[in-house]
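The structure appears right after this line, and notes come after that.
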Amino acid sequence: MTHIAFLRAVNVGGRGLVKMTDLQKAFTAAGAKNVRTVIASGNVVFEAPGTLGSLRERIVKKVRPLLGADPEIAFRTLPYLERMIAAAPFGPLANDRTVKLYVLFLLGKPKRLPVFPMAIPKEVIEVSGMYEQDALIVSRRKPNGFYGFPGLWTEKELGVASTGRNWSTLLRITGPAATVNR
């Protein structure tokens with residue numbers, strides 16, 4: 001089965017600097033097969049048995065030296081991401097070039113769930129809801145010209161850490177070259 005690992009805080013703002021070739025080697029050394037990275041932000045696509053089991057622990061052990069700390073990794077399967085994309089959770093906003101769309105992959109089970117949709121005015125963000133275990137974010141341009149990013153929102157509102165990815169990154173990960181055999 002094809003799995004995707006989303007590493008938190010890799011190559012962001014000059015911190016957590018990791019070469020994708022080193023990340024690929026670490027996953028391969030842990031026992032993952034057909035490992036490739038997508039974009040330099042810690043997205044690793046690999047083949048493994050249906051459930052990761054002990055492979056998850058071996059991956060963490062092999063990635064730890066690259067970051068100098070325990071890595072925070074959200075693991076998802078390719079079929080999960082394909083179902084999410086097919087569900088079109090952002091509706092017509094997916095084609096709106098004036099917004100940025102994100103998925104926050106939760107690193108654990110939320111301790112609490114707020115009422116959705118939820119606005120974060122300071123960041124000009126709307127949390128439109130959840131897709132199964134992950135939060136859906138719509139970001140609009142702030143007065144300074146930048147787009148808001150949910151950042152620590154999940155820790156505060158959901159009581160769990162997360163790692164965010166742009167919707168276009170997920171489309172790229174799940175595209176035709178995502179895997180040879182599913």
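Data overview
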| item | result |
| --- | --- |
| Boolean, residue 67 is within 16 Å of residue 41 (Cβ to Cβ) and in the same structural domain as residue 22 (by TED's automatic domain parsing) | yes |
| Hey, residue 30 buried (at least 20 other Cβ atoms within 10 Å of the Cβ) and more than 19 Å from the chain's Cα centre (by Cα) or not | yes |
| Residue selected from segment 107-140 under the condition assigned to a loop (DSSP other than H, G, I, E, B) and among the charged types (D, E, K, R), by the criterion nearest to residue 157 (Cα to Cα) | 112 |
| Residues of segment 31-71 that turn out to be polar (S, T, N, Q) and modelled with pLDDT of 95 or more, as a count | 1 |
| Single unsatisfied condition, residue 69 versus (1) closer than 14 Å to residue 24 by Cα; (2) surrounded by fewer than 16 Cβ atoms within 10 Å (Cβ to Cβ) | (1) |
| Set 103, 138: member being among the β-branched types (Val, Ile, Thr), touching a helix residue (DSSP H, G or I) at 6+ places or on another chain (Cβ under 8 Å) and farther than 23 Å from residue 2 by Cβ | 138 |
| Wholly within segment 1-98, helices (runs of 4 or more DSSP H) carrying at least 3 residues that are touching a residue at least 12 places away in the same chain (Cβ under 8 Å) and touching a helix residue (DSSP H, G or I) at 6+ places or on another chain (Cβ under 6 Å) | 20-30, 54-67 |
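Per-residue answers, yes or no, for (1) over 19 Å from the mean Cα position of the chain (by Cα); (2) surrounded by fewer than 18 Cβ atoms within 10 Å (Cβ to Cβ); (3) among the β-branched types (Val, Ile, Thr); (4) outside the structural domain of residue 165 (by TED's automatic domain parsing):
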| residue | (1), (2), (3), (4) |
| --- | --- |
| 74 | no, no, no, yes |
| 100 | no, no, no, no |
| 103 | no, no, yes, no |
| 116 | yes, yes, no, no |
| 119 | yes, yes, no, no |
| 128 | no, no, no, no |
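The values are calculated or read from the model by the stated rules, or taken from the named source; none is laboratory data. Note that the coordinates shown come from a computational prediction; the quantities given were computed from them, not determined experimentally. With ideal geometry, Cβ positions are generated from the backbone for all residues, glycine too; neighbour counts draw on all protein chains shown.
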